[in-house]
Amino acid sequence: MKTLLAIIITATFSFGCAMLEGEQTTTDTGGVTTSPAPTGGGDSTPTVAADSAVTGQRISVGERHTCAIKADDSLECWGADDEGQSSVPVGLGSVKSVATADYHTCAIKADDSVECWGTNWFGKTTVPVGLDSAKSVAVGSEHTCAIKADDTVECWGKDSIGQTNVPSGLGSVKSVAAGFSHNCAIKADDTVQCWGSNFSGESYVPSGLGSVKSITAGYGHTCAIKADDTVQCWGSKTAPGALGVTVGIKSVVAGGNHTCAIYPDDRVGCWGSSSIAADSGLGSVKSIAAGANHACAIKADDSLQCWGDNTYGQSTVPADFQ
């Protein structure tokens, strides 16, 4: 077992900070913070199972819990379980993908059907009748969206600010991302359309954005990788241009009020008002996921490493995860 520490600056949904003992050396490259792992202990000291093998983009990080698909396609979740969000349903079986939020989790099963669990406020875990097959699923705070077999989007749950009201004329999409109370989709022509809350400009697609390759949504911000592999973010606390890297970004993920990206050399950098410093010992990674105040990455050897807030054990990778 390896012990990992990360500096917590602020949290998004449950505000707080972590004080770590020992030397803390921080470097800042164009606003992106990376930190060597300090020494010390406390509630924010996650443990990492070095042999916890996962493959591909098969991990999702929520507000206070984490879920990952194991090498045998079974699902394991850990962290907060006060609303059953980490209690994987008996008989779920093999899954293809998983999505997590505050208090609920959804997965696409081997037969392409969707199953959700956790609290069912506003019906967010009640899969609509007729949604028999889905290509992907995304979850927000109190709502859920899925791309159906015909590439159209269906959303359900709370609709207080239009977050489940799929725009007419959206048509076929290639991907959809859910934030706290907004959604953004990449359309068939590779342009972006967003709907739902727009308190911080998170749904206001920048003029001239053009074609994008991927999209991700956080609490009040949205980021996309453009056709030229540069990153553009909009909404709150996005620190435009903070990457310090102009081309070749491989992946970007939006957390609460922070964002993390995989650089061309496969290292990780994070920025934002609740920036979670990427541990210097992380090394090369294949994929990354960001939550409210913690993050996880699949490393080059397919092992899983998590860092950040660990109040509910959400950053402690289970010892048997292999």
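What follows draws every value from the coordinates through simple rules; no lab data is involved. Computed from a predicted structure; not experimentally measured. With ideal geometry, Cβ positions are generated from the backbone for all residues, glycine too; neighbour counts draw on all protein chains shown.
How large is the direction-averaged shadow of the alpha-carbon convex hull of segment 120-210, in nm²?
Average of the hull's projected areas for segment 120-210 equals 5.7 nm².
Straight distance only, please: which aspartates and glutamates reach the Cα of K286 with their own Cα at less than 12 Å, same-chain residues fewer than 8 apart left out?
D265, D266, D301, D302
Give the lysines reachable from K158 as a straight Cα distance under 19 Å; neighbours fewer than 8 places away on the same chain don't count.
K124
Suppose R0 equals 30 Å. What FRET efficiency, 1/(1 + (r/R0)^6) with r the Cβ-Cβ distance, do S94 and D189 give to the nearest 0.05?
0.35
Starting at the first residue of segment 139-145, write each ³J(HN,Hα) from the Karplus equation 6.51 cos²θ - 1.76 cosθ + 1.60 with θ = phi - 60°, in whole Hz, x for Gly and Pro.
10, x, 4, 10, 8, 9, 10
Could you give the Stokes-Einstein D for segment 72-166 in µm² per second, using the C-alpha Kirkwood radius, 25 °C, 0.890 mPa s?
On the way: Rh = 13.3 Å.
Once the numbers are plugged in, D ends up at 185 µm²/s.
Among the lysines, which fall within straight-line cross-link reach of K109, defined as a Cα-Cα distance under 17 Å, with same-chain neighbours fewer than 8 residues apart omitted?
Here the lysines satisfying the reach criterion relative to K109 are K70, K96, K135, K148.
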